[in-house]
Amino acid sequence: MPLLYVAIGVALLLLLMIRFKLNGFIALILVALAVGVMQGMPVNKVITSIKAGVGGTLGSLALIMGFGAMLGKLLADCGGAQRIATTLIEKFGTKHIQWALVLTGFIVGFALFYEVGFVLMLPLVFSVAASARVPLLYVGVPMAAALSVTHGFLPPHPGPTAIATLFNADMGKTLLFGTLLGIPTVILAGPVYARFLKGIDKPIPEGLYNPKTFTEAEMPGFGVSVWTALVPVVLMALRAVAEMLLPKGHVLLPYAEFFGDPVMATLIAVLIAIFTFGLNRGRTMEQVMDTLTDSIKIIAMMLLIIGGGGAFKQV
């Protein structure tokens, strides 16, 4: 019976969103309420469960997505994303730009959780799609495929790490075989599959990309743009390396865990970006703070919908 209630809930969710065009967050909360009541939960317990689901799902994710959106907005508004995009296009050419996104996604995805890497990579994908004048899905799918495979196949990500631990598998071999399986998977799910989507040309969501074309003088250098954007990747990668190499109780481990935590790593990146992409580019602190405020407005509804999904899951 619980599976039947879930099926009814999913059908109701689709009906509310597709037929009645109801906002996704409101629809998820209403469906969570309905499923809870159908299961015979006391009404007051349904509300408690919904609140627990929203809080449990967002948790640190809200901070990570918030800081990630800030970093991405600063990167886009100063011309850093355009600098990276144009450099990748120059090096790989428009014909092979998918492989540039696959490589970047694989590197970023090795150290970052999927949702963090996705948020950080979005401005780059938008800039590449606009600069190369190719459909968004044509370059977005290869990037997402690389992030997905690294998150699902390679330690130190939670899934493969947990499975390796469960079967007492060697972590190094798990990483090796995960890479060997991951490469063809990324190729098929990324560049190959994206070729069938080339005819689907969806516009870039409003507010998530700065359509301004920057001059050479206005854009920061490629090195500064890349390294500022990769600060979270580097910090989290160092944490992963420290946890693998240093013995338990080592004096450096707490510091590695502190600075390599996704929330702390993205916060540090934002603080650096305020200088490299803001103050150092001649912008005032007030202008930089306005940019950060705008970035949160963009992801506010996205966070609520994710929280609504957590409420549905909890019930």
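Read-outs throughout are calculated quantities, based only on the coordinates presented, and are distinct from any laboratory measurement. Because the structure is predicted, anything quoted here is derived from the model rather than measured. Note: ideal-geometry Cβ built from the backbone for every residue, glycine included; neighbour counts use all protein chains shown.
Descriptive notes on the structure:
- Ordering of 38-51, 57-70, 247-260, 90-103 by packing [mean C-beta count within 10 Å, highest first]: 57-70, 90-103, 38-51, 247-260
- One Cα centroid belongs to region 60-99, the other to region 245-315; the line between them spans 16 Å.
- Protection-proxy order for peptides 82-89, 18-25, 140-147, each taking the mean of Cβ atoms within 10 Å per residue, highest first: 140-147, 82-89, 18-25
- Of the chymotrypsin sites (Phe, Trp or Tyr not before Pro) found in region 115-167, those that fall in a DSSP loop while having at most 14 other beta-carbon atoms within 10 Å are 167.
- The GNM of the chain, with springs linking C-alpha atoms under 10 angstrom apart, assigns the highest mean-square fluctuation among 105, 53, 72 to 53.
- DSSP H segments from the chain that extend 15 Å or more along their own axis, Cα-based, with Kyte-Doolittle mean of -0.5 or above: 2-14, 24-38, 43-77, 80-92, 97-111, 114-132, 136-153, 171-187, 231-245, 262-273, 285-314
- FRET E, pair residue 305, residue 197, Förster distance 35 Å, beta-carbon r, rounded to 0.05: 0.90
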